[in-house]
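Okay, so here's the structure we're looking at.
The values are calculated or read from the model by the stated rules, or taken from the named source; none is laboratory data. Owing to the predicted nature of the structure, the values given are computational and were not obtained by experimental measurement. Backbone-built Cβ (ideal geometry, glycine too); neighbour counts: all protein chains shown. These area figures cover heavy atoms from the full protein model, side chains too; ligands, DNA and RNA do not enter into them. Shrake-Rupley method; radii C 1.70, N 1.55, O 1.52, S 1.80 Å.
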Amino acid sequence: MMSKRSFKKAISKTMSLVIGLIIVIAVVAGVLIYMTSLPPTPTTTPTTTPTTTKPTIEKVKIGIIEPLTGRYAVFGQEAVDAARLLVDIINNELGGVRSLGGAKLELYVEDAGTDPSSAALAAERLISNYRPHVILGAYISRLTAAVAEVTEREKIPLVMDALVDWLTERGWNYVFRIAPRASAHGKAAVDFVLEMARKTNVTIRTVVVLHEDSIFGTTVANGVRSELIANGVIPNETITYAYTITDFGPIISKIRDLNPDVIFSVPYFSDGILFAKALQASGIKVKFIAGAGGCGYTDPDSIREAGEAVEYFTNTYSYNPARQTEWNKRIVQEFQQKYGKLPTEAAGIIFYSLMFVYEGLEKAGQMFPENPLNPDNLKAAFLSLDLNDSNSKAAQLYPTGKIKLAPNGENLYGGTAILQVIGGQPKVIWPEAEAGVTPVFPRP
Amino acid sequence: MRNALLELINVEAGYGVFRVLHDVSLRVDKGEIVALVGPNGAGKTTTLKTIVGLTNLFKGEIMFEGSRINDVPTYNRIKKGLALVPEGRGIFAPLTVLENLYLGAYHEEARQKLSDSLEMVFTIFPKLKERKNQIAGTLSGGESQMLAIGRALMSRPKILLLDEPSLGLAPKIVSELFQIFKGLNEEWKVTLLLVEQHVKNSLEISHRAYVMESGKIVLEGESSALVNDERLRKAYLII
Amino acid sequence: MSDAVLLEVVNLSKRFGGITALNNVSMRITKGEILGIIGPNGAGKTTLVNCVTGIYKPDGGKVLFLGEDITGRQPHFIALKGIARTWQKIRPFYNMTVIEAVTAGALLRTKDVLKAREEAAEILEFVGIPRSKFEVLGKNIALIEHKLVDLARAIATKPKLLFLDEVVAGLRPHEVDVIADVVKKVNREMGITLGVIEHVMRFVMNISDRIVVLHEGRLLTQGKPAEVARDPLVVEAYLGTKPV
Amino acid sequence: MLPSSNLILQSVLDGVFLGFLYSLMALGLSLVFGVMGIINFAHGDFIMLGSYLVWILANSLRSDPSLMSVITVPLFFTIGAAIYVAIIRPVLGKEPLIQIAVTVGVGYVLQNLALMMFRAEPRAVQISYLNFYVNLGLVSVHTAKLTSALLSLFIVLGVHYLLTKTWVGLAIRATAYDKEIASLMGINVGKIFLLVFGLGISLTGLAASLWMTFGQADPYIGSSFGLLTWVIIALGGLGGVSGLLASSIIVGVIQSLTMTLVSPSVSLAIPYIVFIIVLWFRPQGLFGKG
Amino acid sequence: MRARISSFVLPALIVVVAGATVPFLVGFNQYYVLLALQSVIIASIALAWNIIGGYAGQLDLASFAYVGLGGILATTLMTEYNITPWVGMFLGAGVSATLAFFIGYPLFRFGVKGVWYALSTAALVVILHEVSIMVLGSFDYYIPFVEGWYYLRFRTWENLYYFSLIILAFVISLNLYISRSKVGYYLKAIREDEVAAEAVGIDIRKYKLLALMTYASILGFIGYIYIVSQRTFSYKTFDSSLSVYIAIIGIVGGLGSVSGTFTAALILKVVEEYLRGYLGGVLPGLHLLLFGVLLITVGILRPEGLSTLTDALVKKVKARIWGGAP
């Protein structure tokens, strides 16, 4: 007994020595690791990019990071569908990137998951596995920010399909956004309503702004509010709710109480359907319900789920599926053939963003034949493009028909289309109405 | 030939992996009152629970009406005609008196005789009739014991197992209760296996008795012979 | 009664709903003795211990330990004062090893875990648990071992007074003898005063210096084991009144 | 702008209707917990599963969602019984932790099955005969909600009737009180457990049918209901139907008033704060006994 | 006393040394380093949970209430007042511990336990989630890009990984220290049987509160690291499902087992990432579904979790090193 105990004591003395040594070694190792870990990283990056003297580029790698699981999967999956379709068309019908000797686009899909952690991982994974030349993504602003942080470090151009304004205001060098920013949606909705009210001599006394409380909904709603105030209309009430809302009853009651002439509504997706149905059921007469910010009311899916409830609702759209340009008609048709539904905004943004990337690659091939895929060269090519319906397929796919990027990567001509549900079909009514369609204002 | 209604043969039983009963054998004949007495912790309650199948049976046989019921689940043993009035009465406190009684007649055959049985119970315990719509939890000690017994009778048992029915009752009620047991046996022909701490009372009304200690039967015989047996007192108090 | 009084209970009462479990019970435990507390089922023995050790708050009366009023104090405070107990229904620490469980008790008087472990080991050996069982989880030992570990865990808190609540319930006769020896040893060699609640008379009559008898919540009588066993009141309490 | 008294009245009414539906949602959970002691963290996800089922059925049969209960109730009873045998029975009487782990696992499986099968788009039923409001002057009433509230009340009272006035109900209550003594009455406790779990799950199917008259299905809707139903049970105690109804209505009204008076964004915070505070002072629930 | 130091510091050192080699082994591939970083953060949180959940046996579902509170505080101090997170993290730890005190004291005082404790902690996350919508608004707060140890924010992930490795080592040794100390014995006794624990002189409220506050302060400290690894924070940081996920890791790992919890956190994170990465795009939700099946299986078949396996492994390794101790 005793001997065992003293034996233990003896052990403990040597042990503490050993431990002390290990700590010292660990600290030294830690410092060494720190010292060594920093320098190699910058040097490792360039070595991985192929910089052979004579570029024989066979393929251009396009990464797409979208939320494919979780709550946002509905958008991400459609975006990926759209990308697949467009890559097919580019490779097979347009013969790849001609200025790069017909190099084909190759698509690498990565799931961003539902939170920034998984999005950042997805970006790292995509880059370390394939090192794409351009990356698209990631629809949700938080996820996009996490991705951008990584692409920025690796100097890979990121063409964003997330709309929240601040993403282009961070001083990032390799981010680009073709799509209209969120606040532009709010502005467009207000401009449209005020214009129509003027035209039809409808007076607007009471206005309610109703939005889901994510950053997207809030940013769009702020756009609505500031544009209203700029036009001298003070919104009477702003109601926010979580897009996971399950019951609109109390909000309907509040709206009944406020009795507004116009409701500006910024839903996410499911909440829009819920609201429309609840409002329809309530029998409250609202002169007009103007949606803002995309996917709420005029999606084929929404119309299917909500039925008549969304009749005459409008919505601002980052994409105009009804635009009567050659390429837009064609791609909408092919999308419908392949997936059996109209493309919504999630797909539309990818259409023109990816097409823009394609045209940017063509340009880069012309501008920098030695090293077209270098990120700085790509950026220069992107910024140099000045596209319109006549010279560009991307512009034909874009609501305003014009794309030109500002130095911060934001589209100078960013703008939305407004769609209205008429007879159960989404119809484009603004800035100019599609053929044979007249906007219905106010609601009958 | 005696008519063994219930028989335990070399039973070892307990809870979980712990054994409480070590080699218990006993027999109850039809029409008998058998008392099972012994100091607390001797295994009396465990014996009754083993009979109705609420313990782990490790070894031995339980025979009822000549057939082995070792593997019959508790609810079917009740159907076969066993009924236990558990220690502490075990009435369903939030339910009414009547609901408690109905539950006694839960299995199908008993349900058919429901009104008869109810009448019988009310005849034996007129108090319960007065209180039939009362919540059982509000009954006095004596009344709830009557309810527990009445409820057991509702299943028209062939044998009634009573676990410490007089526990916590005033002496006057205790003697009333023992008269009722006697009446049950004589008038209603119910066989009784009685576990009691009122040893002398039990021996008075029972025909035969077993004395248990530390999970074993240590003494058995005609009750009248056991009453004054010095060994009985020693089983309880040693000295 | 001239010996030093360790615990004094004065007019203790406890009711549960309509049932009076303890009715004005007064009693004393003197230093060094083994006091047997007996009585038929429902007599209020466990309630008495629960009131003394703070599990229940009594409805009336006082509990004085070494002259200090500890009525209604929390259990851990009372344990710290020096009253320990075991449980009628064993309360083992299933997912702790035997030695850990006892060490948890020993830590009441020390912060040093190693010291507490050593103490625990000594106590375990004292009550007869072999070293080979020290590292076995609580869920893997036999009933008798549970009883002994429970006992060791209580002893490890270095109590002045230890209540044993039906410590031999469910044990075989030869196991009862083992416990009896241990309990006597605890009293004599460790100098711990014991209050032994028990139904198994062979055990309690054998080890007790003095017996108090509770019946229906009241103190019935007290005295030497042999006297108590022959007291007609006690006999009646156990065997029932004469047939009516 | 100060809310008008009309609005408050309307909110209270909305809250009451919502409360009735909540009581139906909580009823099954309460039964399963009260009778079997099973802590089911997947309860909300069963409502979600039911909502999808109702969506498929109502759209393909082109009929009102509430009528789909004819199918969902028996089907969910079967599903409940199967889950009981496969998953719940092995953890009966185990520590809460284990039960929670297992039922959270069930919830994960259901959620992601739904995601795989239906993707994340929310699904609503188009046809509802009841989707209109009736104006009553001071307040107006959403018929779908009124109907779901009345039907919920009817079902809750029906279950109350079942529990108090039938043999099975008597057996269930006896089992809830003490399963050992219940078995001494000749009650097959295992069968009662199977029945109760089946009933608990079939009630979620029913609640889903009513929910879908004005709500919608998405894979994550279960988590909205899961904690809320637990809160209702905690407030109501396990005493019985009256406590359950009272606490459901309180939660519904609090939620509704928070939505109109504060902000819909925070409509869960206040019921939960109330819940925590109630637990401090009455761990057995606001209307619980004991 | 000195003899015991080895027993809880050594394993932590082994983890640090082994962990420090990871970036070298993967050639500083940022994907693997980030995966390692996230695993280490999750493991640290799960091991902190082990103190309240594993040792004290209280099923706490509020981990991200404390992560969020501490993290958002430290981040805000940094972005708004330019206070280094080195200070902010300690303040975050303090604030989280304070919140834990105000939650835990009444809960333990009034004897709320079991499922009700679990539910009130689950409710706490939702409450903070909603309150923070009112306070923060619905915005994402992006941590501006400032590099360096002063801000603990870097372009590449290695440095943050090393730092979090040190936190992990600290949490591991704290766990081991607690399990070998008086507090640990007391907490385990409380977990096993509160009444019996009280009767051997354990002030159960005090020790439960101590465990809760320790757990909360660790999480409050880690909060900043969690947020900086995400780049943004918002009210969504108060995440109910992640809080449940942490408890699930603790259960799958085995209550009170350091090696089990550590292994479970690593395995679950890596498997989840593998399935998401390789199968996520094919069948959305498959990895979570498999995770659910794993949970059910563990709950029914191996309630002791992975701990028996990992403990045996640790013992074997120990025996190798020490030459056959117990």
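Taking Cα atoms only, the orientation of helix A:73-92 departs from the longest principal axis of chain A by about 90 degrees.
Using only the C-alpha atoms, the convex hull of the range D:61-207 corresponds to 171 Å³ per residue.
How large is the dipole of the range B:91-157 about the Cα centre if only Lys and Arg carry +1 and Asp and Glu carry -1, each at its Cβ, rounded to the nearest 20 debye?
Details: 8 positive and 7 negative charges, 18 e Å.
Value, rounded to 20: 80 debye.
Applying a 10 Å radius around every beta-carbon, put B:116-124, A:281-289, B:79-87 in order of their mean neighbour count, most first. Intermediate values should be presented prior to the final figure.
Values: B:116-124: 16.8, A:281-289: 18.8, B:79-87: 22.6.
The peptides rank, most packed first, as B:79-87, A:281-289, B:116-124.
Under a Gaussian network description of chain A, with springs only between Cα atoms under 10 Å, the residue in A:355, A:160, A:196 that fluctuates furthest is A:196.
So how many Å³ per residue does the convex hull of the Cα atoms of the range A:195-275 work out to?
Working: hull volume 7.4 nm³, N = 81.
So the per-residue Cα hull volume is 92 Å³.
The alpha-carbon positions of the range A:216-338 define a convex hull whose volume is 128 Å³ per residue.
Residue separation of residue A:408 and residue A:94 scaled by 0.36 nm, minus their Cα-Cα distance, works out to 110.1 nm of gained length.
Here the Karplus relation 6.51 cos²θ - 1.76 cosθ + 1.60, evaluated at θ = phi - 60°, turns the backbone of the range E:33-46 into coupling constants of 5, 5, 4, 4, 4, 5, 4, 5, 5, 4, 4, 5, 5, 5 Hz, with x for every Gly and Pro.
Projecting the Cα atoms of B:3, C:229, E:160 onto the charge dipole of the protein assembly as shown, computed from C-beta unit charges around the Cα centre, puts C:229 farthest toward the positive end. Is chain A rounded, prolate or oblate when judged by the Cα gyration tensor, a ≥ b ≥ c being the square roots of its eigenvalues, rounded requiring a/c under 1.5 and prolate requiring a/b larger than b/c? Since a/c reaches 1.5 but b/c is at least a/b, the shape of chain A is classed as oblate.
Given +1 at the Cβ of Lys and Arg, -1 at the Cβ of Asp and Glu and no other charges, the dipole of the protein assembly as shown around its Cα centre is 3020 debye to the nearest 20. Each helix, a run of at least 4 DSSP H residues, gives -39500 (n - 2.57); summed and divided by the residues of chain A, these come to -15500 deg cm²/dmol at 222 nm. Largest GNM mean-square fluctuation among C:13, C:132, C:208, using chain C with Cα springs under 10 Å: C:132. Between residue A:259 and residue C:77, what's the calculated FRET efficiency when r is the beta-carbon distance and R0 is 56 Å? Round to 0.05. Calculated transfer efficiency: 0.30. Per the Debye formula on identical point scatterers at the alpha carbon atoms of the range B:61-218, with no solvent, log10 I(q)/I(0) at q = 0.13, 0.16, 0.17 Å⁻¹ is -0.61, -0.93, -1.05. Largest mean-square fluctuation among D:174, D:144, D:86, in a Gaussian network model of chain D whose springs join Cα atoms under 10 Å apart, belongs to D:86.
In nm², what is the average projected area of the convex hull enclosing the Cα atoms of chain E? Please report the intermediate quantities before stating the final value.
Details: hull surface 72.1 nm².
Mean projected area for chain E: 18.0 nm², to one decimal.
Both radii were evaluated on the Cα set of the range B:152-218; the Rg over Rh quotient, with Rh as the Kirkwood radius, amounts to 0.97.
Nearest 5 percent is fine: what portion of the DSSP beta bridges confined to chain A is antiparallel? Please report the intermediate quantities before stating the final value.
On the way: 14 of 47 bridges.
If I count the DSSP bridges inside chain A, around 30 percent turn out antiparallel.
Membrane-span-like helices in chain D, defined purely by DSSP H runs whose alpha carbon atoms cover 30 Å or more axially and whose average Kyte-Doolittle hydropathy reaches 0.0, are D:5-31, D:96-118, D:143-165, D:189-211.
When Rg and the Kirkwood Rh are both derived from Cα coordinates, the Rg/Rh ratio for the range C:1-146 amounts to 1.02. Compared with the dominant Cα axis of chain A, that is its longest principal axis, helix A:116-130 is turned about 70°. Working note: Karplus 6.51/-1.76/1.60 with θ = phi - 60° gives the range E:303-318 the couplings x, 7, x, 7, 4, 4, 5, 5, 4, 4, 4, 4, 4, 4, 4, 4 Hz, where Gly and Pro are set to x. For residue B:95, the residues whose modelled amide H falls within less than 5 Å of its own, excluding neighbours fewer than 5 places apart on the same chain, are B:136, B:137. The amide H of residue A:164, built 1.01 Å from its N in the peptide plane, has A:182 as neighbours under 5 Å, considering only residues 5 or more places off or on other chains. With a simple spin-label model that places each label point 7 Å from the Cα along the Cα-to-Cβ direction, the separation between residue C:5 and residue E:26 comes to 7.4 nm.
Enter the accessible area per residue of chain D (Å², integer; probe 1.4 Å; all protein chains in place).
Details: 9500 Å² over 290 residues.
Result: 33 Å² of accessible area for each residue.
Take each residue of peptide D:230-236, count the partner chain Cβ atoms within 10 Å of its Cβ, and average: the result is 3. Remark: the range C:89-158 projects, on average over all directions, an area of 4.0 nm² (convex hull of Cα atoms). Estimated from helical segments only, the mean residue ellipticity of chain E at 222 nm is -25000 deg cm²/dmol, where each DSSP H run of four or more residues counts as -39500 (n - 2.57). Taking all protein chains as shown and a probe of 1.4 angstrom, residue A:59 keeps an accessible surface of around 90 Å². Relative contact order of the range A:64-179, taken over Cα pairs closer than 8 Å and 6 or more residues apart, is 23 percent. Would you please state the base-10 log of I(q)/I(0) at q = 0.13, 0.16, 0.18 1/Å for the range E:94-189, with intensities from the Debye formula using one equal scatterer on every alpha carbon? For the range E:94-189, the Cα-only Debye profile gives -0.84, -1.09, -1.14. Assuming a ≥ b ≥ c are the square roots of the Cα gyration tensor eigenvalues, decide whether chain C counts as rounded (a/c under 1.5), prolate (otherwise, with a/b larger than b/c) or oblate. Taking the square roots of the gyration eigenvalues as a ≥ b ≥ c, chain C is prolate. For the range B:157-170, 3J(HN,Hα) computed residue by residue from phi via the Karplus equation (6.51, -1.76, 1.60; θ = phi - 60°) reads x, 7, 9, 10, 9, 10, 10, 6, x, 8, 4, x, 9, 5 Hz, glycine and proline entered as x. Taking all protein chains into account, the per residue accessible area for the range C:89-158 stands at 38 Å² (1.4 Å probe).
Would you mind getting the Kirkwood hydrodynamic radius of the protein assembly as shown from its Cα pairs, rounded to one decimal in Å? Numbers along the way, then the final one.
Numbers: mean 1/r = 0.0274 Å⁻¹.
It is 36.6 Å.
Can you bin the range B:91-157 into rounded, prolate or oblate? Criterion: square roots of the alpha carbon gyration tensor eigenvalues sorted a ≥ b ≥ c, rounded for a/c under 1.5, prolate for a/b above b/c, oblate for the rest. Taking the square roots of the gyration eigenvalues as a ≥ b ≥ c, the range B:91-157 is prolate.
For residue A:172, no residue whose modelled amide H falls within less than 5 Å of its own remains once neighbours fewer than 5 places apart on the same chain are excluded.
Using only alpha carbon pairs under 8 Å that are at least six residues apart, calculate the relative contact order of chain A and give it in whole percent. Contact order relative to length: 15 percent.
Across chain D, the mean sequence separation of Cα contacts (distance under 8 Å, 6 or more residues apart), normalised by length, yields a relative contact order of 37 percent.
Evaluate Rg over Rh across the range A:63-145, taking Cα atoms for both radii and Kirkwood's formula for Rh. Kindly include the intermediate steps, with their values, before the conclusion.
Values: Rg = 13.5 Å, Rh = 13.2 Å.
Reported Rg/Rh, Kirkwood definition of Rh: 1.03.
Roughly how big is the D-A contact, given as buried accessible area in Å² (both sides, 1.4 Å probe, nearest 100)? Kindly include the intermediate steps, with their values, before the conclusion.
On the way: alone 13890 and 19420 Å², together 30120 Å².
Its buried surface, counting both partners, is about 3200 Å².
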